[in-house]
1. Being touching a Phe, Trp or Tyr at 6+ places or on another chain (Cβ under 6 Å) and surrounded by fewer than 23 Cβ atoms within 10 Å (Cβ to Cβ) is the filter here; which residues of the range A:117-134 pass it?
2. What number goes with the only condition from (1) crowded, with 16+ Cβ neighbours inside 10 Å; (2) more than 16 Å from A:V71 (Cβ to Cβ); (3) under 14 Å from the mean Cα position of the chain (by Cα) that B:V18 does not pass?
3. Suppose we keep only residues that are open to solvent by 80 Å² or more (accessible area, probe 1.4 Å) and assigned to a helix (DSSP H, G or I) within the range A:8-32. Which one would you say is nearest to the other protein chains (Cβ to nearest Cβ)?
4. Looking for whichever is modelled with pLDDT of 85 or more and facing chain A (nearest Cβ under 8 Å) here; the options are B:A86, B:A80. Which one fits?
5. Just for the range A:65-76: of the residues that are open to solvent by less than 50 Å² (accessible area, probe 1.4 Å) and of a type outside the set (V, I, T), which one is nearest to B:C40 (Cα to Cα)?
6. Identify, from the list B:V52, B:V12, B:V18, the residue that is under 19 Å from B:V72 (Cα atoms), touching a Lys or Arg at 6+ places or on another chain (Cβ under 9 Å), in a helix (DSSP H, G or I) and more than 8 Å from chain A (Cβ to nearest Cβ).
7. Every residue in the range A:110-161 that is in a helix (DSSP H, G or I), within 9 Å of chain B (Cβ to nearest Cβ) and within 16 Å of B:Y31 (Cβ to Cβ), please.
8. Quick one: in the range A:77-97, of everything that is closer than 15 Å to A:T145 by Cβ and surrounded by 23 or more Cβ atoms within 10 Å (Cβ to Cβ), which residue is farthest from the other protein chains (Cβ to nearest Cβ)?
Amino acid sequence: MKRFIHFLILMIVWLLLTWSLQWQEVLVGVVVVLIAELFLGDIFPAGAVKVFNPVRFFWLVVYVLVFLWYVVKANFDVAYRVLNLYLPIKPGIVKVRTRLKTDMARTFLANSITLTPGTLSIDLVGDHLYVHWINIVSEDPTRETEIIVRRFESLLERIFE
Amino acid sequence: MNETAGLILLIVGIAFDVVGCIGLVRLPDVYNRLQAATKCVTLGTCMILLSVLFYTGINQMSVKALLCIWFVLLTSPTGAHAIARAAHRSGIPLWDGSIMDKYAEDREGAEDKV
């Protein structure tokens with residue numbers, strides 16, 4: 001069942017990419033998708049299918065909007081720092097704690113952190129994320145966690161946990 | 001109307017890409033450069049791809065562009081993370097002005113225990 005859902009998703013992506021229903025194209029698609037599924041099916045996150053629940057889907061939409069807002073903000077932040085003559089940066093690597101448990105949620109959290117203002121996730125060890133921060137405003141770990149992680153964590157918890 | 005919107009998106013997208021490139025040159029070390037490269041280039045590229053949608057309407061090309069946005073959004077932060085981690089593991093130091101490096105501290109601690 002799980003494999004069949006993967007197959008459907010990958011097949012839809014293939015059909016959108018080729019944008020044709022000729023039998024040769026579809027046949028090649030089936031072969032490619034089966035090979036991809038054979039080698040990479042195991043690393044496909046197990047919790048991904050959960051998202052199709054309507055409540056979770058609603059929170060996913062909210063998350064995407066919040067995320068886009070932060071991405072735009074991040075770009076203006078970088079533009080400000082880069083174009084400023086004095087290069088106002090104060091970088092360093094900080095350690096923050098996450099309470100998310102599933103792989104899918106953690107992946108999304110790490111990627112979101114990378115695309116939001118001033119932060120770049122470097123590694124995940126146990127429950128701790130190491131984050132490169134371009135402008136450290138506080139050296140207190142709880143406050144860092146508050147600033148970096150909390151803005152997405154509660155939303156992602158509702159979507160994937 | 002659609003062409004105007006597409007043009008605006010195109011110009012803003014290219015502007016963000018340019019800022020990302022300037023950041024790549026101006027910022028001091030690999031981690032800071034990755035920050036500029038990832039954020040600006042992701043949004044800039046996504047906006048350029050989105051402008052394709054406004055120019056051509058819904059057809060083969062714009063569907064591919066939309067899929068590319070999805071792929072770029074997924075792979076660009078992942079790639080940045082992989083580069084940053086590999087750089088740190090192979091011992092590339094942070095810029096002198098950096099305030100702290102918890103990652104190096106913790107890894108040194110772990111090596112001492114071993």
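1. If the condition is that a residue be touching a Phe, Trp or Tyr at 6+ places or on another chain (Cβ under 6 Å) and surrounded by fewer than 23 Cβ atoms within 10 Å (Cβ to Cβ), then A:D123 is the only one that fits.
2. The failed condition is (1).
3. Within the range A:8-32, the first condition is being open to solvent by 80 Å² or more (accessible area, probe 1.4 Å), and the residues that meet it are A:8, A:12, A:19, A:21-24, A:27.
This time we only want the ones that are assigned to a helix (DSSP H, G or I), so: A:8, A:12, A:23-24, A:27.
Working: A:L8: 16, A:I12: 10, A:W23: 18, A:Q24: 17, A:L27: 20 Å.
Here the answer is A:I12.
4. Numbers: B:A86 fails: facing chain A (nearest Cβ under 8 Å).
Answer to the selection: B:A80.
5. Going residue by residue through the range A:65-76, those that are open to solvent by less than 50 Å² (accessible area, probe 1.4 Å) are A:66-67, A:70-71, A:74-75.
Keeping just the survivors that are of a type outside the set (V, I, T) gives A:67, A:70, A:74-75.
Working: A:F67: 15, A:Y70: 12, A:A74: 8, A:N75: 6 Å.
In this case the residue turns out to be A:N75.
6. Numbers: B:V12 fails: touching a Lys or Arg at 6+ places or on another chain (Cβ under 9 Å); B:V18 fails: touching a Lys or Arg at 6+ places or on another chain (Cβ under 9 Å).
After applying the criteria, what remains is B:V52.
7. First, the residues of the range A:110-161 that are in a helix (DSSP H, G or I): A:110-115, A:141-148, A:150-160.
Keeping just the survivors that are within 9 Å of chain B (Cβ to nearest Cβ) gives A:110-115, A:141.
A:A110, A:I113, A:T114, A:L115 - these are the residues of the range A:110-161 that are in a helix (DSSP H, G or I), within 9 Å of chain B (Cβ to nearest Cβ) and within 16 Å of B:Y31 (Cβ to Cβ).
8. A:V96
The values are calculated or read from the model by the stated rules, or taken from the named source; none is laboratory data. Keep in mind it's a predicted model, so treat the numbers as computed, not measured. Note that we place each Cβ from the backbone using ideal geometry, even for glycine, and neighbour counts take in every protein chain shown. In case anyone asks, the SASA skips ligands and DNA or RNA and just uses the protein heavy atoms, side chains included. Shrake-Rupley method; radii C 1.70, N 1.55, O 1.52, S 1.80 Å.
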